[in-house]
Amino acid sequence: MNNQKYSPVLILLLISTLVVGCVFLNGKSVHSYLVEEKEIDEASGIASSLKYPGLLYTHNDSGGESAVYVLNQIGFMPAKIILEGIQNRDWEDIATCYDPKDQKPYVYVGDIGDNNSSHTSSFIYRFEEPDIKDTLIVVRNIQKIEFVYEDGPRDAEALMIDPKTGDIYIISKRDETAKIYQLSYPQSFNEVNIARQIGTLPYKWVVAADISPSGDYILVKTYNQIYRYKRRADKNVKEALMTKPKIMTYQLEEQGEAIAFDSKGKGYFTISEKGESSEVKLFYYK
């Protein structure tokens, strides 16, 4: 972490403690950790920090606090980021990416849920990753990416960003064949952007997606499957998503709507809403 001094809060965040459980599925180990923080009860997105490898960001679903929660890899959360002046209409996914121009690490929060496909526009909120030095962090410098779909409103829960280009991709949830949309870089913070459809997937109920830090792999999650697409060096995201995916190991969650690669792209995390369960767990698949 660039030889910087760690604050007490950050040291706590990075400490690993007790594994709640470890099982083997299809010969692969799956670790689960209890998320004891009661504020996190409808987690619908997760992303790995770029500034602090080993930390994660998550958030609650529609109507929740306009906050991004900072977790370590075993589910401990002593820090919270408040997005001042921003509403959580229906936050559904979160991603991180370095801006191709200024090379700073940014967090992107996708207010892209629309159960009735009735919103006139949707939003992605972007802010630079802050220093984690206290238990409560307030972010005021937030850029708003407002957009509309070229073919009308859509309900979506999957947001990912290509680290090679800065292009944003959104995948619809309820279409019989999920639609893939692109917001090309650089996105406007002053005018309404147009999300262009670039392809479809042969399944529906897509609830999360992520691209590995290297840009070489793509994960797409439905309620009961995780698909991994390999991206060759000479292919773009659209071309990679047109290839045959590999079905990845997944421990079914009651309301699992989030997925993220770890900071090295060697494994992935999922987290779910509490739903009717008495607890929330963070899962890691190496």
Please list, in order along the range 200-208, the HN-Hα scalar couplings obtained from phi with the Karplus expression 6.51 cos²θ - 1.76 cosθ + 1.60 (θ = phi - 60°), rounded to whole Hz, x for Gly and Pro.
9, 10, x, 7, 10, 6, 6, 10, 6
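Expressed as a whole percent, how much of the Cα-Cα distance distribution for the range 107-190 exceeds 23 Å?
Details: 965 of 3486 pairs.
Above the 23 Å cut-off, the range 107-190 has 28 percent of its Cα pairs.
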Please list, in chain and number order, the residues 5+ apart from K164 or on another chain whose amide H is under 5 Å from its amide H, with Hs placed from the backbone.
none
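How about the range 38-91: which GluC sites (Glu not before Pro) there lie in a loop by DSSP and see at most 14 other Cβ atoms within 10 Å? Display every interim value, and only then the final one.
Numbers: sites: E39, E42, E65, E84; in loops: E39, E65, E84.
Taking the range 38-91 and a limit of 14 other Cβ atoms within 10 Å, the loop GluC sites (Glu not before Pro) found are E39, E65, E84.
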Run through all the Cα pairs of the range 231-286 and give the fraction in each 5 Å bin from 0, expressed as whole percent.
4, 16, 19, 19, 18, 12, 6, 4, 1, 0
Taking a cut-off of 25 Å, what percent of all Cα-Cα pairs in the range 48-175 are separated by more than that?
23 percent
So how many Lys-Lys pairs in the range 229-286 land under 18 Å Cα to Cα, not counting same-chain pairs under 8 apart?
13
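What are the GluC sites (Glu not before Pro) within the range 140-237 that DSSP puts in a loop, where the Cβ has at most 14 other Cβ atoms within 10 Å? Don't skip to the end; give the middle numbers.
Values: sites: E146, E150, E157, E176, E191; in loops: E150, E176, E191.
Within the range 140-237, the qualifying GluC sites (Glu not before Pro) (loop, at most 14 other Cβ atoms within 10 Å) are E150, E176, E191.
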Quick check: with the 1.4 Å probe, what order do W205, W91 take by accessible area, largest first?
W205, W91
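Take the Cα radius of gyration of the range 116-258 and divide it by 2.2 N^0.38 Å, with N its residue count; two decimals is plenty.
Values: Rg = 15.9 Å, N = 143, 2.2 N^0.38 = 14.5 Å.
Cα-based Rg divided by the globular estimate yields 1.10.
When only the heavy atoms of the protein chains count and the probe is 1.4 Å, how do K38, K235, K221, K204 rank by accessible area, highest first?
Values: K38 145, K235 75, K221 0, K204 50 Å².
Most to least solvent-accessible, the answer reads K38, K235, K204, K221.
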Name the long-range amide H neighbours of S272: under 5 Å, sequence gap of 5 or more, or other chain; modelled H, no Pro or chain starts.
K281
Spelling out what I want: for every residue of the range 87-101, take phi, set θ = phi - 60°, compute 6.51 cos²θ - 1.76 cosθ + 1.60 (Karplus), and round to whole Hz; glycine and proline get x.
9, 8, 6, 6, 5, 10, 7, 9, 8, 10, 6, 7, 5, x, 8
Whole-Hz couplings from phi, Karplus 6.51/-1.76/1.60, listed for the range 279-286; x for Gly and Pro
8, 10, 10, 9, 10, 10, 10, 8
Residues with amide H under 5 Å from that of Y98, placed H, sequence gap 5 or more:
Y106
Rounded to the nearest 500 deg cm²/dmol, what is the calculated helix-only ellipticity per residue at 222 nm for the chain, with -39500 (n - 2.57) per DSSP H run of length n ≥ 4?
-1000 deg cm²/dmol
Mind listing the Cα extents of the chain along all three principal axes, in Å, largest one first?
47, 45, 40
Sorted from largest down, give the three principal axis spans of the alpha carbons of the range 17-98, whole angstrom values.
45, 28, 25
Accessible carbon and sulfur surface of the chain relative to its total accessible area, %, 1.4 Å:
47 percent
Per residue, how much accessible area does the chain have with a 1.4 Å probe, in Å²?
45 Å²
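For the chain, give me the percentage of DSSP beta bridges that are antiparallel, rounded to the nearest 5 percent.
90 percent
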Tell me, in nm to one decimal, what length is gained between K230 and T249 on full extension, where the rule is 0.36 nm per residue of separation less the Cα-Cα distance?
5.3 nm
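Pick out, in residue order, every one of the trypsin sites (Lys or Arg not before Pro) in the range 132-176 that is DSSP loop and has at most 13 other C-beta atoms within 10 Å; say none if there are none. The partial results should precede the final answer.
Numbers: sites: K133, R140, K144, R154, K164, K173, R174; in loops: K133, R140, R154, K164, K173, R174.
Qualifying residues, ordered by number: K133, R140.
The values are calculated or read from the model by the stated rules, or taken from the named source; none is laboratory data. No experiment lies behind these values; they were computed from the predicted model shown. Neighbour counts are summed over all protein chains in view; Cβ atoms, including those assigned to glycine, are modelled from backbone coordinates with ideal geometry. Each accessible area value is taken on the protein alone, full model and side chains, heavy atoms only, with ligands, DNA and RNA left out. Shrake-Rupley method; radii C 1.70, N 1.55, O 1.52, S 1.80 Å.
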